[in-house]
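The values are calculated or read from the model by the stated rules, or taken from the named source; none is laboratory data. Computed from a predicted model, the values in this text were never measured in an experiment. Cβ placement follows ideal geometry from the backbone for every residue including glycine, while neighbour counts extend to all protein chains displayed.
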Amino acid sequence: MGRRFRRIVFAAVTVVLALTAVSLTTAWAAAALPHTQISQADAIADARKVLPNSGSGYEVLKTELESNSTHFNFTSANGSGVFSEDGVQECLIVPPFPIRFGCRPYPVWVIELSGPSCQATIAINARSGRFGGAGTDRCDIVPEAGPPPMMFVAEWE
């Protein structure tokens with residue numbers, strides 16, 4: 001009975017230490033990330049990357065900075081269409097665990113572009129420049145694949 005109790009206590013302490021390490025890593029990574037925003041020009045460049053031919057030949061019709069990814073409505077330049085998102089957040093991932101920690105909303109650059117064969121409205125995370133979604137009319141959107149996550153390095157997804 002004494003040996004079993006020690007094993008249970010050892011297992012419990014190990015779990016608590018592991019959870020504490022993950023929590024501290026999460027808190028450290030969240031604190032280390034900048035809360036600055038990318039520029040409008042950077043957001044447009046990031047939006048072009050997901051379009052055919054890297055956005056060559058596409059004209060920017062309208063850009064707008066939305067303060068919160070959890071809810072916004074973007075009206076197109078001609079007033080006819082609306083692009084919106086609800087409940088979108090970025091979450092901290094600590095590999096190799098597939099668990100999301102510390103989800104938070106983020107500011108969003110919304111860019112409307114028109115090209116030779118299609119039109120697209122693209123949402124870009126204003127903190128990281130990552131593709132956040134799109135509404136298109138005949139455009140083939142191809143988000144860039146990011147690098148594979150490194151072991152035990154927290155990153156926002």
Please list, ordered by first then second residue, the pairs with beta carbon atoms under 8 Å, 6 or more apart or interchain, first in region 44-58 and in the same structural domain as VAL108 (by TED's automatic domain parsing) and crowded, with 16+ Cβ neighbours inside 10 Å, second of a type in the set (A, V, I, L, M) and part of a helix (DSSP H, G or I).
GLY55/ALA47
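So which of SER69, SER76 is buried (at least 20 other Cβ atoms within 10 Å of the Cβ) and among the hydroxyl-bearing types (Ser, Thr, Tyr)? Please lay out each step first, then the result.
On the way: SER76 fails: buried (at least 20 other Cβ atoms within 10 Å of the Cβ).
Residue meeting the stated conditions: SER69.
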Hey, among PRO143, PRO98, which residue is assigned to a loop (DSSP other than H, G, I, E, B), closer than 19 Å to ILE38 by Cα and in the same structural domain as ILE44 (by TED's automatic domain parsing)?
PRO143
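Scan region 116-130 for residues that are part of a loop (DSSP other than H, G, I, E, B), within 26 Å of SER80 (Cβ to Cβ) and in contact with a helix residue (DSSP H, G or I) (Cβ under 9 Å, 6 or more places away or on another chain) and jot them down. Full working, then the answer.
Of all residues in region 116-130, those part of a loop (DSSP other than H, G, I, E, B) come to 116-118, 126-130.
From what's left, within 26 Å of SER80 (Cβ to Cβ): 116-118, 126.
Once the filter is applied, which keeps residues that are part of a loop (DSSP other than H, G, I, E, B), within 26 Å of SER80 (Cβ to Cβ) and in contact with a helix residue (DSSP H, G or I) (Cβ under 9 Å, 6 or more places away or on another chain), region 116-130 yields SER117, CYS118, ALA126.
Would you say GLY133 is surrounded by 11 or more Cβ atoms within 10 Å (Cβ to Cβ), in the same structural domain as TYR58 (by TED's automatic domain parsing), modelled with pLDDT of 55 or more and out of contact with any helix residue (DSSP H, G or I) (no Cβ under 6 Å at 6 or more places or on another chain)?
On the way: surrounded by 11 or more Cβ atoms within 10 Å (Cβ to Cβ): yes; in the same structural domain as TYR58 (by TED's automatic domain parsing): yes; modelled with pLDDT of 55 or more: yes; out of contact with any helix residue (DSSP H, G or I) (no Cβ under 6 Å at 6 or more places or on another chain): yes.
Yes: the conditions hold for GLY133.
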When region 33-65 is examined, which residues are found to be within 12 Å of ARG127 (Cα to Cα) and either assigned to a strand (DSSP E or B) or among the polar types (S, T, N, Q) (or both)?
THR36, GLN37, SER39, GLN40, LEU65
